[in-house]
Each structure stands twice: as structure tokens, then as C-alpha cells.
Amino acid sequence: MSIFDKYRQSFGEFGYDEAPPAQREAAPPSGEAEDAARRMREFMAHRTMEDRMSGGPGAAPRTDDAAEAEAARARRRKLADLRQQAHAQLLETFNLSALVQANEAEIKTEIGNIVRALVPQQAIALSRSDRDQIIDDLYYEVMGLGPLEILIKDDSISDILINGPEQVFVEQNGILEVTDVSFQNEAHLRRILQKIVAMTGRRLDESTPYVDARLPDGSRLNAIIAPIALDGTLVSIRKFKKDKLSLDQLVLFDACSEKMAAYLRAAVTARMNIIISGGTGSGKTTLLNALSAYIGRRERVLTIEDTAELQLQQAHVGRMESRPANVEGKGAVTQRDCLRNALRMRPDRIIVGETRGDEVIDMLQAMNTGHDGSMTTIHANSARDATSRLENMVAMAGIEIPLGALRRQIASAVNLIVQVSRLQDGTRRIVSLTEVVGCEGDVLTMQELFYFEHTGVSPDGRVEGHFVASGIRSHYADRFKRWNIRLPADVFGG
Ligand SMILES: Nc1ncnc2c1ncn2[C@@H]1O[C@H](COP(=O)(O)OP(=O)(O)O)[C@@H](O)[C@H]1O
Ligand SMILES: [Mg+2]
């Protein structure tokens, strides 16, 4: 007996059908079946699907002969009909609980059987590749993420950005480009989105029209729906990179110089408190991950994030993720709650994925009270800007503390600010390494050890420039000595 025969139930559990479950359980009356068939036809008429069935947009039949063109159209219609019928039949016979135990090959075999059984009715010659394409599409539609599946699977794509059903952009090799992937309509997009959100255990509906979630594979998803999103649902997916970039690779990719990498390695090993500052998508988290490789194997590290994405290689890591409030506005556990608790968990180092709120107070305190070697990222445009962001966050948290005192606290808490940036050509670079060395009067004193000097733009639009060591020596030379770190004499240039 096939897995589908065993569970002759409706397909509703996938959230594909909008009808309530009670209705779906009964055998559908013919009106409903017709309705389903119509919806299915609409879906199958979907542009990119049709393109793909004809062998992709580039392979569309090119002929001046009207009759031939008509024949090609008729064939496409038949293929669409076939696909539609196969899908309708899948909806009738599929059941999620059965599918969970089946593997991809088994499910595809079943889909193949259904497709094959339908071929005689359609009077169509189905090539092997046509059939495989239909099977793949149906498989993704049923089991996976429909049109998104292909983008999710492509490891060279780092970001997927959806602006309503018809516009899907991807970032590939640092370049943002529109794709020919689209959804049938807003409802189709929402259905796929709900499927993804359901996997994460978060909610997305009228009352909470946006969501920030981590997908099972580690990718990050943000979505916002109408009425807040005006022209269709907005989705951004930052794909999880299986291979994290190491500091050596960052040097190879020209994200920083050898000397900068050597200095950063020393800074992490010697337990300096580090803030990585930059804009959205500038590579902060990537660098934080890379730097974490130099945390000692014997140290106990606790990480705190709003959406877990850090991947430390150490054995001794405790990970925490904050939680938003539930539908009654209760049960929130903030980063600050996590951080306060973390301080009671005997950490050697604390890493906060991104500091953006009142947890800043506890972070500064922790950095000042023996948890040196702590690291975080912050959204800012320069080292100076990063420190004012810290001050602003403290002020926003409602802490009344004279500015001078606050600055002295920042000066003693933070040792190094790493500024990263996504340049105009899409490359990401460490554009500045700046040490915080103290406080003179009410002014923070900093020294920039390294920076990226932007010299121009090449004819093909690439940023030209080089990394410069300013010649200033590290304020923390004694500390490096204590940790037995010997940096080559010329690291700081000059
Ligand atoms: N130096 C780099 N070279 C190439 N790609 C990078 C580099 N740094 C980061 N990336 C990629 O850029 C994207 C955004 O990086 P991420 O660290 O998540 O940014 P942020 O935390 O600043 O938002 C990721 O896909 C990441 O793999
Ligand atoms: Mg990040």
C-alpha cells in the first residue's frame, strides 16, 4: 500500500487550502471541487511556471510560423492542465503526517505515478525533462517553499528580498539583482510565507503583522504584511552560510589586511572588549563569528541574541535567544533579562549579537567588571558614532547619569571599535580599527590604528583603495605582553 493510500485525507494541513479543517475532512462536494480546480488553474497559469515548462524563458519556441506557435501554445496548455490535475490529485491524497516519514525519492515517485496515470487523458507526449520538471515543481509546492525553494537551495545566493508577489530580488556575490521568480498572487505568497513562519513557532497575522525569525536551517527571516506593507507582503531572508568566513578568508577577500588580522587576533586573545560597528548587512555578525575563533578553548562563553545566528566554534558555549511577548503581551524575555541572568552563570566572556536597547547598561557594566573579552555589534557609521549610539541607548533606557561619568564608563569598558562597511560596489571591508584609550575632561580619546583609504573607482565600478596602518602603536601593548603575544614590529606601520 502506498503512503498516500494509507492516509486518504485532505491536503489542508499544509495550510494550502483556505477552508476550515472541518470542511476539508468531508469529501468535497462538487462545487468545492470546481472551486479548487479553478484555483488550481489560476495557479498553473502562473507565468514563470509556464516559462519553465517550455524549457525556460530563453528556450521558448521561436518561430515565425503561426501554426507552429499555436501548437506550442496548445502543448503548454496541456502541460499546465496536466500539472493542475496532478496537483489537484495530490491535494486529495496527500497527508502531512505520512509525508514526514517519507523521503524525497519516495514522494517524487508517488508524484511521478500520479503524473504518469494522467498522461493518457491529456493525450500529450511527455519528455523525460518535462516530467521531471513537473515533478520537481509539484514537490516544492507541496513539501517545500514553492517558487522560493530554488533560491533557498542556491548557495551562491546570500539574501532573498521579496517586494510583493511579482518582485523577487536576490543578492549574489554582493550584487543585488531582480529574478524571474514570482508568485501567482498575494495569496500564494502569503501561503508560502505562513508555511515558513509556522516552522519557526512565531506568529504573523493582523494583530502582529511583522515577524523576525530564525528558520530551521539557521537563515533569518523578516516579513511584514498588509496593511503595514502597502503593496504586498515584504519579506527578507538572510541565508545561513554553512561555511563561515574565517579571518584568513576575510584577508583573502581583501576585507582587511594581514596586519589588521594579526592585530585583531591579538586583541581577541588578550581579551579586549570589542564593539563591531556598521550598517545593516555590512558584515558585523560575520566578523564577530570570525573573531570568536580566537577565544580560548577553555573559556566559558555565553551568547545572547534576539535572533540566534552566531556560530561559535568553542566547545563551551551557552546560547540564549530573547523572546517577544505573546498575544496577550506577556512572557517577553528581553536581551537585558538574558544578560542579567548570564552574569549569574559564571561566564568568562559575554557576546551580545547586537546591542540596541537597554541591555547596553548591563553590557557596559559587565565589560567593566571582570568579563573582559566581551564583544557585541552596534549599528553605527563610525567609531565616534558608535560611542554616541551607546550614550543614546543609555539615555533612552532612562538612566540619569552625567555625561562625563558615562563617557568615563564607556572609556574603561570599551577597548576597540571595529568599523565595517558595505562599499558602493557591494564589497564589505573593515574600514577602521580604532582604540578607545581614555577620557580627557568630558571627551573620549580614541586612536585610529588602521583604516581603508578609498582612492577611486575603476572603470568597471569597483572600489579602489588600500589599507593603511597609521603608524600609531597600540595603547594595549602591555596587555599583549602579559598574554605573551608578540606582534611583528611593523604591524602598526611607520
Ligand atoms: N567580507 C565579506 N566578504 C563577502 N561577503 C561578506 C563579507 N562579510 C559579510 N559577508 C556577507 O554579507 C552578508 C551580511 O553579513 P552579516 O555579517 O550578516 O551583516 P550584518 O551583521 O552587519 O547585518 C552575509 O551574507 C555575509 O555572508
Ligand atoms: Mg548581524
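What follows draws every value from the coordinates through simple rules; no lab data is involved. None of these values were measured; they are calculated from a predicted model. Backbone-built Cβ (ideal geometry, glycine too); neighbour counts: all protein chains shown.
For this structure, a couple of remarks:
- Calculated diffusion of segment 243-339, Stokes-Einstein form, Kirkwood radius summed over Cα pairs, 37 °C and 0.692 mPa s, µm²/s: 218
- Under the simplified labelling scheme, the Asp442-Asn341 pair shows an inter-label distance of 3.9 nm, with each label point 7 Å from Cα along Cα→Cβ.
- Whole-Å distance, taken between Cα centres, linking segment 143-175 and segment 310-337: 27
- Taking label positions 7 Å along the Cα-Cβ direction at both Asp217 and Glu186, the computed distance is 2.9 nm, reported to one decimal.
- Compared with the direct C-alpha span, the chain from Val463 to Met199 gains 91.0 nm at full extension, assuming 0.36 nm per residue.
- Cα centre as origin, Lys/Arg/Asp/Glu Cβ charges: the chain dipole, Debye: 1720
- Entry note, the chain: relative contact order of 10 percent, from Cα contacts under 8 Å with a spacing of 6+ residues.
- Over the chain, dividing the summed -39,500 (n - 2.57) contributions of all DSSP H runs of at least 4 residues by the number of residues returns a 222 nm mean residue ellipticity of -12000 deg cm²/dmol.
- Excluding same-chain neighbours fewer than eight residues apart, the lysines reachable from Lys242 by a Cα-Cα span under 20 Å are Lys153, Lys284.
- Distance (nanometres) between label positions extended 7 Å along Cα→Cβ at Ala72 and Asn381: 5.2
- Across segment 228-243, computed HN-Hα scalar couplings (Karplus, 6.51 cos²θ - 1.76 cosθ + 1.60, θ = phi - 60°) run 6, 7, 7, 10, x, 4, 9, 10, 10, 10, 9, 5, 6, 8, 5, 9 Hz from first to last residue, x flagging Gly and Pro.
- Reducing segment 345-402 and segment 66-96 to their Cα centroids gives an inter-centroid distance of 58 Å.
- Take every DSSP beta bridge whose two residues both sit in the chain; close to 70 percent of them are antiparallel.
- Qualifying chymotrypsin sites (Phe, Trp or Tyr not before Pro) in segment 102-190, where qualification requires a DSSP coil assignment and no more than 15 other C-beta atoms within 10 Å, are lacking entirely.
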